[in-house]
Amino acid sequence: MIIPRFVRKMLAVFRGAVSPVFICLSVTLGFWFGLIPGWSGIHTALVIVVLVLNIHTGLFLLSAGLGKALCFAAAPVLYHIGVGVQSYLSPLLKLLASIPIVGITDFNRYSVAGALVIGPVIGIVAGLLLARSVIGFRRMLLKLEEGSEKFKKWYSNRWVRILDRLLIGRRTKDAKALFTAKTKVIRKAGAVLAALVLVVFAIAATSLKNSTIKNYAVATMTRANGAEVNLDSLGLSVLTGAVSATGMQVTDPENPQNNQVSVQKVAADASVYNLLVGRLVMENVEISDVKFNQKRATLGKLVETETEQEPTVFDPCDFKIEVGDIQKLETYFESAKTVKAWLQRVRKWFPKSKDDKAAPPPKELPQKYLDYLEASAVVPALPRIMAKRALLDNVEIPSKLFGNSQILLTNISDSARTAKLPVTFKIKSYDTPASMSLTFDYAAKGQALPVSGAFEGFDLSKVQSSLSGSTGLTFESGIASGTLTGQVTNETIDLTIRVAIRGMKAKAHGDGVLGLGSKTTSDVFDVLENLDTTMRVVGPVTEPRLVFDVKGLTENFKEALVEAGKQRLADEIDKRIGKELDKTLRDKVPNEIKDVLKKPEGLIKGLGGLLGGKKDKKQKEK
């Protein structure tokens with residue numbers, strides 16, 4: 001009664017029935033719990049362990065309090081230990097992140113990673129010291145009871161026992177029981193209470209709207225976009241795996257007054273296991289009411305990014321380019337600036353040219369004392385948000401080439417490099433025959449990211465609006481299809497595009513192409529309806545170049561010029577023969593015979609090689 005109850009329980013440990021093993025375990029779990037900053041999944045897991053096992057609650061709470069005080073006092077130490085853990089024990093962090101409930105922990109924080117390792121070490125040392133002290137006290141008590149008659153006589157007095165019970169509390173029947181008593185490992189009442197904790201945890205997670213997961217999703221998308229991303233609501237259920245989101249707005253970094261894209265509603269089914277490890281992995285995502293380039297109600301905030309690096313010097317030899325017409329994208333495309341801005345934003349998702357096995361320190365060292373507890377590693381974390389299959393139907397794309405389209409995405413995540421799954425992008429237009437598919441193979445080994453894809457049904461007359469006026473050509477018709485292969489890193493890009501054009505009609509202007517002049521180029525494209533060629537996109541990601549197969553194009557153009565010359569000669573002969581027939585025959589023969597005589601194509605073909613025509617099969621065999 002005089003001594004506080006909490007203190008009496010602590011003193012009772014020395015002469016109670018608590019096993020030294022559980023004394024050590026209680027202190028270890030307490031320090032581990034207290035040293036880890038904040039509250040996370042691992043704290044919940046430790047509480048469940050304490051409830052289920054016959055852990056001494058008083059010792060656990062006392063150790064947790066001491067551990068929390070040590071956490072604040074030794075924040076810089078935890079930070080520096082965490083840097084080493086992130087660098088050399090990353091597999092351990094990945095293993096812990098895969099355990100349900102424990103995985104709902106931000107292991108990227110240096111202080112958390114450091115406390116995760118140092119907490120049990122300090123706890124075990126303190127627990128062993130306390131257990132040794134308890135064992136020493138119990139041996140001394142046993143020696144007094146068995147070897148001292150005066151102590152036995154004094155302790156046999158009733159008033160001594162009553163005072164002992166009031167001041168300190170219950171004890172074992174005799175000192176021998178301190179060493180022979182069996183301790184129950186599982187606490188039945190605690191197991192029931194732990195089950196209730198899990199139920200409460202599930203209910204709390206089910207009602208997580210506008211809270212932790214939403215804030216993490218918004219922060220992740222904002223960093224990836226480089227500008228503010230808004231989300232009205234995000235709801236999920238740990239019990240059913242249902243996920244829903246409404247009112248997503250993605251700010252355009254180049255024009256913060258507008259949204260790049262806005263989505264009214266998203267519905268999906270999520271994996272329950274992944275929700276229990278702190279990841280949102282959605283199987284089938286349905287997205288509705290997608291709009292582009294809409295005005296925002298408020299100005300979107302931009303995210304501070306690293307200073308853009310100067311483009312590296314472009315050296316064709318680095319890409320093994322032997323023959324080619326190398327030009328910047330601006331020469332051919334009106335939207336080149338937009339394309340390069342997009343490449344600048346997505347380059348962070350491409351692998352580095354040189355892998356860094358050790359985790360780099362944060363961009364800036366902590367400036368304030370408590371910042372040591374919040375600093376996080378900048379290495380790619382395990383993917384926390386992923387859509388295995390996302391379908392966007394009836395999407396109005398601001399492009400004449402596609403228009404109303406269907407878009408299918410697979411394995412989209414906030415960390416594709418660590419997910420190690422191929423990411424695909426497929427788009428099919430409802431308004432035109434255009435379709436395109438791209439695959440980024442993050443599952444491939446190596447430093448560069450393999451890229452492959454195909455396209456078909458590209459109407460050149462609709463592509464014309466995106467071409468620069470300096471291309472020297474105006475496409476009137478034609479359908480393009482082809483494939484692309486190559487690889488990218490966060491520094492360089494090298495893609496080979498093979499194009500097949502059928503039914504092409506084009507007019508030249510300006511200087512034409514390949515220095516042929518406007519008239520000669522027009523003559524070529526009057527005849528050249530089908531074209532197969534190869535081009536490459538190479539160079540730094542921030543300043544790519546377009547390379548044409550000049551040698552192949554020149555051969556195609558020469559053949560087209562020969563055909564154009566033959567056609568022109570045939571037309572000229574046709575014209576002259578027609579005049580002579582009209583002059584000589586006049587009304588002497590029927591018009592039907594005269595029209596046949598005016599078409600000398602058969603005669604010209606019969607001349608064979610005299611006009612450079614193609615030899616027939618029999619001539620070739622000879």
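Please treat every number below as a calculation from the coordinates, not as lab data. All values derive from a computational prediction rather than experimental measurement. FYI the Cβ positions are ideal-geometry reconstructions off the backbone, even for glycines, and counts take in every protein chain you see.
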When averaged across all projection directions, what area in nm² does the alpha-carbon convex hull of segment 12-97 cover? 6.4 nm²
Taking amide hydrogens as modeled 1.01 Å from N in the peptide plane, which residues meet the under 5 Å criterion relative to residue 271, leaving out close sequence neighbours? 281, 283
Determine, for 295, 214, the number of other Cβ atoms within 10 Å of each Cβ, and report the residues in order from fewest to most. 295, 214
Efficiency by 1/(1 + (r/R0)^6): what FRET value for residue 400 and residue 69, r their Cβ-Cβ distance, R0 = 56 Å, to the nearest 0.05? 0.25
Tally Lys and Arg at +1 and Asp and Glu at -1 over the other residues with C-beta under 14 Å from the C-beta of residue 433: what net charge comes out? +1
In the neighbourhood of residue 219 defined by beta carbon distances under 11 Å, the net charge of the other residues (Lys, Arg +1; Asp, Glu -1) is +1
In the neighborhood of residue 339, defined by Cβ-to-Cβ distances under 13 Å, what is the net charge if each Lys or Arg adds +1 and each Asp or Glu adds -1? +2
Extended-chain gain in nm, criterion 0.36 nm per residue less alpha-carbon gap, residue 292 and residue 133: 50.2 nm
